[in-house]
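Enquirer: Just dropping this structure here.
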Amino acid sequence: NAGVTQTPKFQVLKTGQSMTLQCAQDMNHEYMSWYRQDPGMGLRLIHYSVGAGITDQGEVPNGYNVSRSTTEDFPLRLLSAAPSQTSVYFCASKEQGNTEAFFGQGTRLTVV
Amino acid sequence: GIQVEQSPPDLILQEGANSTLRCNFSDSVNNLQWFHQNPWGQLINLFYIPSGTKQNGRLSATTVATERYSLLYISSSQTTDSGVYFCARRKAAGNKLTFGGGTRVLVKP
């Protein structure tokens, strides 16, 4: 199993550009989520999904869209990038119930 | 809102020393995880420990859910233990992990 795979690892965007961060997991986990980590801080939840076709907002959802068309994939879209979205983005997945979450390697995004 | 507080914020250790990191949470917890974020930014699962004590090599963790805290013990620290240690808790349903601010550990040779 590859676990949770995020692409790309690094990205530089200009203000106003759009892009999609990819996240895929091969563990057949129902739950997937996106977090952002700003310098010197813990992770904050952006959006999450409890299964295919179901998504919901987390703590800091503004500026981001998600969809969950399959169990395996949970892409995060930035429609119009802003410098405030410069951060490291982590995708996570877990099984249903009280189980541990597994994180991808992260995507370091810089918006100039 | 739900608070997760970690202490100390920074820790400098001499190689071989032992240390204890603390995680306090303001609400009941149904599961709690400890992570190590290495200098390359990778988040590594250390423990999934909603209650009780677990050990993995030189690391061990204890969660006392009724008193709303968890402890991470590092024994005989090594330079590879350097990085940031996060605790995160989740309520029963869903996938909403709330992270503490982390403890930054530097182990000097």
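Enquirer: Within region B:82-100, which residues are over 12 Å from B:R22 (Cβ atoms), within 11 Å of another protein chain (Cβ to nearest Cβ) and not in a strand (DSSP E or B)?
Expert: Result: B:K91, B:A92, B:A93, B:G94, B:N95, B:K96, B:L97.
Enquirer: So which of B:S51, B:S28 is touching a helix residue (DSSP H, G or I) at 6+ places or on another chain (Cβ under 6 Å), surrounded by fewer than 22 Cβ atoms within 10 Å (Cβ to Cβ) and within 14 Å of chain A (Cβ to nearest Cβ)?
Expert: B:S51
Enquirer: Same structure again: Scanning for something in contact (Cβ under 8 Å) with a residue 60 or more places away in the chain and closer than 20 Å to A:G97 by Cα, does region A:16-25 turn up at least one residue?
Expert: Yes, because at least one residue in region A:16-25 is in contact (Cβ under 8 Å) with a residue 60 or more places away in the chain and closer than 20 Å to A:G97 by Cα.
Enquirer: If you go through region A:63-77 one residue at a time, do you hit one that is facing chain B (nearest Cβ under 10 Å) and touching a strand residue (DSSP E or B) at 6+ places or on another chain (Cβ under 9 Å)?
Expert: No - not one qualifying residue is present in region A:63-77.
Enquirer: Considering region A:49-89 alone, what residues qualify as being in contact with a His (Cβ under 9 Å, 6 or more places away or on another chain), outside any loop (DSSP other than H, G, I, E, B) and without any contact (Cβ under 8 Å) to a residue 40 or more places away in the chain?
Expert: A:T55, A:D56, A:Q57, A:Y64, A:N65, A:V66
Enquirer: So in region A:32-51, with the set limited to residues that are within 7 Å of chain B (Cβ to nearest Cβ) and surrounded by fewer than 23 Cβ atoms within 10 Å (Cβ to Cβ), which one is nearest to A:K94 (Cα to Cα)?
Expert: A:V50
Enquirer: Does region B:64-81 include one or more residues that are facing another protein chain (nearest Cβ under 9 Å) and either at pLDDT 95 or above or part of a strand (DSSP E or B) (or both)?
Expert: no
Enquirer: Within region A:1-48, track down each residue that is outside any strand (DSSP E or B) and in contact with a Pro (Cβ under 9 Å, 6 or more places away or on another chain).
Expert: If the condition is that a residue be outside any strand (DSSP E or B) and in contact with a Pro (Cβ under 9 Å, 6 or more places away or on another chain), then A:T15 is the only one that fits.
The values are calculated or read from the model by the stated rules, or taken from the named source; none is laboratory data. Small disclaimer: the values here were computed from a predicted structure and weren't measured. In this analysis, Cβ positions are derived from the backbone assuming ideal geometry, glycine residues included, and neighbour counts consider all displayed protein chains.
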